[in-house]
Structures are given as C-alpha cells and as structure tokens.
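The values are calculated or read from the model by the stated rules, or taken from the named source; none is laboratory data. In this text, all values refer to a predicted model and were calculated from it rather than measured experimentally. In this analysis, Cβ positions are derived from the backbone assuming ideal geometry, glycine residues included, and neighbour counts consider all displayed protein chains.
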Amino acid sequence: MKRFWKDVTVDAERGVRLDDRPVRTPGRVPLLLPTAALAEAVADEWREVTDDIDPRAMPLTGLANAAIDRIAPGPAAFAAGLAAYGESDLLCYRADSPPDLVARQAALWDPPLDWARDRYDVHFEIVAGVMHRPQPEATTERLGAAIAARRPFELAPLSPIVTITGSLVLALALAEDAMETEAVWAAANLDEDWQAEQWGEDDLAVKARETRQRDFEAAARFLSLVS
C-alpha cells in the first residue's frame with residue numbers, strides 16, 4: 001500500500017489518525033496506545049513513510065498490532081510460552097574452558113542471576129556444558145508468575161527480547177530497569193562475540209546479527225515507552 005495521507009495526528013484516546021481517519025490493526029481494531037509517548041513514537045513511524053508502506057521499517061506499529069490482535073485475547077497462554085524459557089535460560093549454561101571465556105561468562109552473567117535470586121527468591125541450577133538440567137519448580141513458577149503479571153503491551157516487546165537473547169532473566173531485568181539495553185545485548189551475545197574474536201566474523205552471521213539487533217533495540221524501545 002502506498003502513502004495516501006498528508007497529516008498524522010494522535011487523538012485524545014492515544015489513537016493514531018491519518019488525515020483524521022483512525023489507523024486500525026490487521027484485525028480491524030482501532031490502534032489505541034497505552035501511553036502518550038508510545039502513541040507519538042508510533043505516529044512518527046507513519047509520518048516517516050515516503051511512498052510504499054514497509055512494515056519492516058515500522059517495528060513499533062508491528063508490536064502494537066501484536067499486543068492488540070494476538071496477545072490481548074489470551075495473555076495467559078502467550079505469557080506461558082515465554083515463561084518456558086526459564087527452564088533453559090542462557091545464563092545457566094556455562095563453558096568449562098578456556099579460562100578466559102569462563103571468567104567472561106561469570107562477569108556478565110552472574111550479576112543478572114544474582115539480581116533474579118534476590119528479586120524473586122529463587123535458586124538456579126548452573127550447568128557446565130549444554131546438557132539440559134531442570135530448574136527447581138519454585139524457580140520456574142516464580143519467574144513464570146513474573147512474566148504472567150505483565151500487560152499485553154509489555155508482553156509484545158518482551159517476546160522478541162526473550163527469544164533473541166534466549167534468556168527470561170535478561171528480559172525481566174530489562175523490564176524492571178535492573179539492566180541497561182546495551183548490557184543485556186552484550187550478555188546475550190557473549191558467546192558469539194567470543195567466537196568472532198577467536199575465529200573471525202562471517203559476513204552472513206554479521207548480517208543476521210544486525211537484523212536481530214534492530215529487532216531487539218526496537219523491542220527494548222517499545223518496552224521503555226509503555227512503562
């Protein structure tokens with residue numbers, strides 16, 4: 001679809017309007033945003049359209065659509081899917097060598113785990129290697145409850161954050177302002193960065209990482225705008 005509007009505004013209900021016509025989700029529901037800051041950011045995406053509408057250039061709009069159309073009808077089931085990542089959180093699976101990698105993982109991954117231990121009164125099973133080890137039932141239940149308490153407009157950005165990082169703990173730390181966006185990204189990409197330092201970078205891997213980073217940063221921004 002090509003741009004057909006001249007003006008983009010935000011109405012009193014924090015809905016985005018194109019020449020006074022409301023923007024609707026793919027499910028034909030009015031696109032109403034929970035905060036003025038998010039509404040203006042979504043409106044800016046529509047203002048920046050020059051010719052054809054490219055959904056890839058409008059990540060905040062896409063996340064808002066997901067919150068309304070996909071998550072709001074069944075937030076508990078959606079949250080349960082994210083909670084499952086607590087069973088195999090990236091931060092719990094460590095290298096046993098070389099010493100430099102072991103030390104780097106401890107430096108970047110121990111602090112968010114320590115935060116989660118204090119915040120949710122949980123214990124984590126730390127594994128050397130990649131063989132799965134179940135987390136204590138109380139841990140998965142409490143982390144699951146923490147994600148289930150989130151609203152649809154929080155779950156929408158948390159979904160790509162969890163899936164891109166592979167860590168429910170990192171996502172919750174970001175949501176609760178216990179970590180900065182850059183620190184979460186660095187922790188999530190520690191192993192990949194290490195491999196690149198040892199063996200060099202692959203062009204395809206670099207491009208894939210850039211795509212993941214754009215999606216991650218858009219989700220982190222969206223999350224900050226709904227707080």
**Message:** Among (1) hydrophobic (A, V, I, L, M, F, W, C); (2) assigned by TED's automatic domain parsing to the domain that holds Leu168; (3) more than 21 Å from Leu174 (Cβ to Cβ), there is one condition Met58 misses while meeting the rest; what is its number?
**Reply:** (2)
**Request:** Go through the residues of the stretch 128-148 one by one and say whether even a single one is under 14 Å from the mean Cα position of the chain (by Cα), modelled with pLDDT of 95 or more and surrounded by fewer than 13 Cβ atoms within 10 Å (Cβ to Cβ).
**Result:** no
**Asked** Quick check: anything in the stretch 88-106 within 30 Å of Arg14 (Cβ to Cβ) and either hydroxyl-bearing (Ser, Thr, Tyr) or assigned by TED's automatic domain parsing to the domain that holds Ala187 (or both)?
**Response** no
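Tally up the residues in the stretch 202-222 that are among the small types (Gly, Ala, Ser) and buried (at least 16 other Cβ atoms within 10 Å of the Cβ), please.
As a first pass, look at the stretch 202-222 and keep what is among the small types (Gly, Ala, Ser): 205, 208, 218-220.
Filter once more, so that each one left must be buried (at least 16 other Cβ atoms within 10 Å of the Cβ): 218-220.
So the count comes out to 3.
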